[in-house]
């Protein structure tokens, strides 16, 4: 019988963990967190009062992505189909949470688990070197939980931001790399782009980057850019309280806009509709979009993501931020499926509902579009 685990099961869960794994074991404290605070489901297979195995699934807030975080079948119970039952239960739990994709990592030398996942329709889409405590490589697998939901995703490479305030440069690097495979994505470029694009102040700590500075950075590196903002007011001024900081943000934006007006970079003072964004993506443009992070991270700060694909129900994005404190890995931040309605709501930041998006293209690509 498959059932949800409770605090009364921690002793049995820890015992199975100890018997099944030599490294990377979940602790008693970790199980307690997963059962009480995490956005997760922990399911156990039990027969005649004996726990035969468990599976732990994490849900990514604000997206339709689930992650099979851990699965274990007790040693005496292997070969009885327990693993298959647990994976099926995990997939159903994901569907019950409106998730349409399941992802996971598995040790390269765990042949039984790899075979199980392949039989269940999982496909390998990447790997992590030196992932486990003993330096073993991890293979990354995913499965669409509805065959009709398989998108044709753009081959946008992934880059993880290395500083709390460099989501803008990191997303811009991903977009530029998709268009120019020779571009080198590294921390040096990440910080240089931030220096070029920063608004100086934003929320607390170091300033983030706005669309105008990012657009200039892309243009000066040989890319064409279109800018979409919903009005001409200064972005992010409501994120700071000091009148002096507000004035600095306005001055920075005015300086960026003055330079932009001397260049062939169109600024459209209107939101970019979803249908038009998809059309531009299909034509070869890469959208870089400002969102409010609240629906994903429950924190109200502006955040940049890069769009990697569309299907009838979802927008797929690379998020440069990986929330390691909540047990996330890069796998959770790649091609994140977000329902179109949710994404539309995310693309409004602050009380005034500020919106901003960039379309990055190869230089001159717009001139070669059909009908251009």
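Number of residues in region 60-76 that are in contact with a helix residue (DSSP H, G or I) (Cβ under 7 Å, 6 or more places away or on another chain) and part of a helix (DSSP H, G or I): the value is 1.
Picking from residues in region 292-311 that are free of Cβ contacts under 8 Å to residues at least 60 places away in the same chain and in a loop (DSSP other than H, G, I, E, B), the one that is farthest from residue 140 (Cα to Cα) is 300.
This table checks each residue for (1) within 21 Å of the chain's Cα centre (by Cα); (2) farther than 26 Å from residue 199 by Cβ.
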| residue | (1), (2) |
| --- | --- |
| 274 | yes, yes |
| 278 | yes, yes |
| 283 | no, yes |
| 288 | yes, no |
| 291 | yes, no |
| 295 | yes, no |
| 301 | yes, no |
| 304 | yes, no |
| 309 | yes, yes |
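Taken over region 23-49, the criterion of being more than 22 Å from residue 88 (Cα to Cα) and without any contact (Cβ under 8 Å) to a residue 24 or more places away in the chain is satisfied by 25, 27, 28, 29, 30, 33, 37. Among the candidates 103, 127, the residue that is over 30 Å from residue 199 (Cα atoms), out of contact with any helix residue (DSSP H, G or I) (no Cβ under 9 Å at 6 or more places or on another chain) and assigned to a strand (DSSP E or B) is uniquely 127.
Determine, yes or no, whether residue 249 is in a helix (DSSP H, G or I), touching a helix residue (DSSP H, G or I) at 6+ places or on another chain (Cβ under 7 Å) and farther than 16 Å from residue 289 by Cα. So residue 249 fits the description; yes.
Filtering 202, 185, 174 for residues that are in the same structural domain as residue 323 (by TED's automatic domain parsing), closer than 27 Å to residue 277 by Cβ, at pLDDT 95 or above and not in a helix (DSSP H, G or I) leaves a single hit, 185. With respect to being in a loop (DSSP other than H, G, I, E, B), buried (at least 16 other Cβ atoms within 10 Å of the Cβ) and touching a residue at least 60 places away in the same chain (Cβ under 8 Å), residue 272 fits the description.
For region 87-99, the criterion of being touching a helix residue (DSSP H, G or I) at 6+ places or on another chain (Cβ under 6 Å), in the same structural domain as residue 24 (by TED's automatic domain parsing) and not in a helix (DSSP H, G or I) is satisfied by no residue at all. Within region 218-230, identify whether any single residue is part of a loop (DSSP other than H, G, I, E, B) and within 22 Å of the chain's Cα centre (by Cα), and answer yes or no. The answer is no; no qualifying residue exists.
The values are calculated or read from the model by the stated rules, or taken from the named source; none is laboratory data. A quick note: this is a predicted structure, and the numbers were derived from the prediction, not measured. Using ideal geometry, Cβ is built from the backbone for each residue, glycine included, and neighbour counts are taken over all protein chains shown.
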